[in-house]
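Taking it in order: structure first as structure tokens, then the write-up.
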Amino acid sequence: EQLQQHNIVDLMHPDDRAAILSRIARVQAGERTPLQAVRLLRLDGQEVAVEATAAPVIYDGERAVQVILRDITLRRQAEESVKKSEARFRLLSETAGRLLAAQDPQELINDLCRGVMEHLDCQAFFNFMVDEPSRRLRLNTCAGIPEEEIPGIEWLDYGAAVCGCVARDRARIVAEDILRTPDARTDLVRSYGIQAYCCHPLKAGDRLFGTLSFGTR
């Protein structure tokens, strides 16, 4: 009740609030709790990760709870950075191993790209391959768009949309704010609700094989 009166409960993250109050109640009953990582909310609403420990004390003749908080935001960020780096290394290692062992690497593209899409937290990818006789791009595989839309992008001219421009210029294109930045090249991916998009040329020396792109909503 006293916590409620001082609005301290409002500073506890809603998802952690019940657990924190439960621990405080156990401490009030005389239990000493170990360190625990919890989330608090600053007055501006920003989430802060803290390490909390609580112990029962006698204050002014009354039983009370002493809580010590230590900001571990930077440590959490460093841990997340390490996890992402390790995940990226595993993905690169597994991808390279599978491609080198495959008789027909092109058949693995769909599976591999889905793994990359999940790692990048993207919702769509497109892989176009060069069709030498027609001098156009042919859709090899994709994900993240409605099935009925796929036949409409089965073929792409050089210079058309983002992938066609990448194939023509043999240079990557990164579009970071598609929904609010008018650009005729991004009209197609904008129609799929994609907000940011990156397309790379697939090359070996001077030879262009196709394009590979990922997008996020």
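Give me, ordered by chain and number, the residues 5 or more places off Gln123 or on other chains with an amide H under 5 Å from its own placed amide H.
Those lying under 5 Å, H to H, from Gln123 are Gly215, Thr216, Arg217.
Short version: ³J(HN,Hα) in whole Hz for each residue of the stretch 12-26, in order, from phi by Karplus 6.51 cos²θ - 1.76 cosθ + 1.60 (θ = phi - 60°), x for Gly and Pro, what are they?
8, 4, x, 6, 9, 4, 4, 5, 5, 5, 5, 5, 4, 5, 5
Take every Cα pair under 8 Å in the chain that's 6+ residues apart, average their separations, divide by the length, and report that relative contact order as a whole percent.
Contact order relative to length: 12 percent.
Kindly write out, for the stretch 199-213 in residue order, the coupling ³J(HN,Hα) from the Karplus curve 6.51 cos²θ - 1.76 cosθ + 1.60 (θ = phi - 60°), rounded to whole Hz, with x marking Gly and Pro.
Per-residue couplings from phi come out as 10, 10, x, 9, 10, 10, x, 8, 8, 9, 9, x, 9, 9, 9 Hz.
How much FRET efficiency would the formula 1/(1 + (r/R0)^6) give for Glu86 and Arg114, where r is the Cβ-Cβ distance and R0 is 22 Å, rounded to 0.05?
Plugging the Cβ-Cβ distance into 1/(1 + (r/R0)^6) gives 0.65.
I need the phi-derived Karplus couplings for the stretch 60-73: 6.51 cos²θ - 1.76 cosθ + 1.60, θ = phi - 60°, integer Hz, Gly and Pro marked x.
With the stated coefficients, the stretch 60-73 comes to 6, x, 10, 6, 9, 10, 9, 10, 10, 10, 10, 5, 10, 4 Hz.
So how much slack lies between Gln77 and Glu94, counting 0.36 nm per residue of separation and subtracting their Cα-Cα distance, in nm?
Here the answer is 3.5 nm.
Amide H to amide H under 5 Å from Leu202: which residues, 5+ apart in sequence or cross-chain, H placed 1.01 Å off N in plane?
Distant-sequence amide H within range of Leu202: Phe209, Gly210, Thr211, Leu212.
Would you calculate the separation in nanometres between label points at Thr53 and Val67, each defined as 7 Å from the Cα along the Cα-to-beta-carbon direction?
1.7 nm
Can you tell me what percent of all Cα-Cα pairs in the chain are more than 25 Å apart?
Tail fraction, whole percent: 58.
How large is the accessible surface of Val174 in square angstrom, using a 1.4 angstrom probe and rounding to the nearest 10?
80 Å²
Could you state how much accessible area Arg207 has, in square angstrom rounded to the nearest 10, with a 1.4 Å probe and all protein chains kept in place?
Here the accessible area works out near 130 Å².
Got a number for the accessible area of Ile145? Probe 1.4 Å, square angstrom, nearest 10.
Surface open to solvent at Ile145 totals about 20 Å².
Could you please state how large a percent of the accessible area of the chain is carbon and sulfur, counting protein chains only and using a 1.4 Å probe?
51 percent
Quick one: accessible area per residue over the stretch 19-164, 1.4 Å probe, rounded to a whole number of Å²?
Using a 1.4 Å probe on heavy atoms only, each residue of the stretch 19-164 averages 66 Å².
Once amide H atoms are placed 1.01 Å from N in the peptide plane, what residues at a sequence separation of 5 or more from Ala160, or on another chain, have their amide H within under 5 Å of its amide H?
Amide H to amide H, under 5 Å and 5 or more residues apart or across chains, Ala160 pairs with Cys165.
So what is the calculated 222 nm ellipticity per residue for the chain, using -39500 (n - 2.57) for each DSSP H run with n of 4 or more, over all residues, to the nearest 500 deg cm²/dmol?
Computed ellipticity for the chain at 222 nm equals -10000 deg cm²/dmol.
The values are calculated or read from the model by the stated rules, or taken from the named source; none is laboratory data. A quick note: this is a predicted structure, and the numbers were derived from the prediction, not measured. Positions of Cβ are generated from backbone atoms using ideal geometry, with glycine treated the same way; all protein chains shown enter the neighbour counts. Heads up: the accessible areas ignore ligands, DNA and RNA and are worked out on the full protein's heavy atoms, side chains in. Shrake-Rupley method; radii C 1.70, N 1.55, O 1.52, S 1.80 Å.
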